[in-house]
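Reviewing the structure listed below.
The values are calculated or read from the model by the stated rules, or taken from the named source; none is laboratory data. Nothing here was measured: the structure is a model prediction, and the numbers come from that model. To get the accessible areas, we keep the full protein, side chains included, count just its heavy atoms, and leave off ligands, DNA and RNA. Shrake-Rupley method; radii C 1.70, N 1.55, O 1.52, S 1.80 Å.
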Amino acid sequence: MSLLQTARFLTTVAQLRQLPRGGAPEVAFVGRSNAGKSSAINVLCQRRRLAFASRTPGRTQALNFFALGPAGEPPVACLVDTPGYGYAAAPQALKQQWDTLAGRYLQRREQLRGVVLILDIRREVTALDEALLGWAPSGAALLVIASKCDKLNRSQQARACGVVTAAVKPLRPDGDFEVLAFSATTSQGVEQGRIIIERWLARTSGPAEQEPP
Ligand code: GDP
């Protein structure tokens, strides 16, 4: 079984002070509402309903943590689902809440090893996506999942991924990121995504350090 397949719900965090302790490495999933983030997490972990989209746009402003590693033991790593953003209808207050919780988490979390940005392959990279990439620490790896690629043929996919690459490059001048055409429906790109994320975690994962008594 791959590490991602061991994913199970760990905790929901509504305030920064509730973040899990223990230092296990984390990978955060971010994206506009409806981009396909929940579907991507579920298919990467081969779980039907691990992550689920909030029914009310912009309502769930919490971070959901999923533990990885042997069941019954402290997590060797965590996946972190952040609230979808970018609904035009979301009130300003909710946007600010995203900034204060998920935004601060991204900017400050020391054990953040990687960020997975989910985009709908048919849409442009938005100003919010860019702001968020600006927050992700340069030390954290970046994978851009261009989701719903089943809606395009291969040459359209290649063109769309090229556009995404060009949009992201100025934000990652070292060029250290990957763009992956991905479909939760056909599983295109899923195995590759799993390999990339598990490679990030393999660099650093191990049992979380014991806290002093
Ligand atoms: P989230 O709001 O970003 O978590 O998005 P969801 O995962 O809930 O997906 C939003 C909508 O897009 C749902 O209707 C999904 O069925 C659909 N969707 C998600 N991924 C794919 C995909 O790879 N291909 C297609 N065709 N539809 C998808």
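Summary table below
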| item | result |
| --- | --- |
| Evaluated at q = 0.08, 0.10, 0.13 Å⁻¹: base-10 log I(q)/I(0), Debye formula over Cα of the chain | -0.25, -0.40, -0.69 |
| Between helix 154-168 and the chain: long-axis angle, C-alpha atoms, 0 to 90°, nearest 10 | 60 degrees |
| Aspartates and glutamates whose Cα lies under 15 Å from that of Lys148, excluding same-chain neighbours fewer than 8 positions away | Asp120, Glu124 |
| Eligible aspartates and glutamates near Lys169 by straight Cα distance, threshold 12 Å, same-chain separation 8 or greater | Glu130, Glu178 |
| Amide H partners (placed H, <5 Å) of Gly31, local residues excluded | Tyr85, Ile118 |
| Estimated vicinal HN-Hα couplings, Hz - segment 135-142 in sequence order (Karplus 6.51, -1.76, 1.60; Gly, Pro = x) | 7, 4, x, 5, x, 8, 5, 10 |
| Value of relative contact order over the chain, rounded to a whole percent, pairs C-alpha under 8 Å and six or more apart | 26 percent |
| Fluctuation leader among Leu171, Leu44, Leu143 - the chain, Gaussian network, Cα springs under 10 angstrom | Leu171 |
| Kirkwood hydrodynamic radius over Cα pairs of segment 120-182, then Stokes diffusion coefficient at 20 °C and 1.002 mPa s, in µm²/s | 178 µm²/s |
| Tilt relative to the chain, helix 190-204 - C-alpha long axis, 0 to 90 degrees, to 10 | 40 degrees |
| Among Asp81, Asp176, Asp129, residue whose mean-square fluctuation peaks in a GNM of the chain (springs only between Cα atoms under 10 Å) | Asp176 |
| Rounded to whole Hz, the Karplus (6.51, -1.76, 1.60) HN-Hα couplings of segment 99-110, x for glycine and proline | 4, 7, 9, 5, x, 5, 4, 4, 6, 10, 6, 5 |
| The chain - percent of accessible surface contributed by carbon and sulfur, probe 1.4 Å | 49 percent |
| Convex hull volume of segment 106-213 per residue (C-alpha atoms, cubic angstrom) | 118 Å³ |
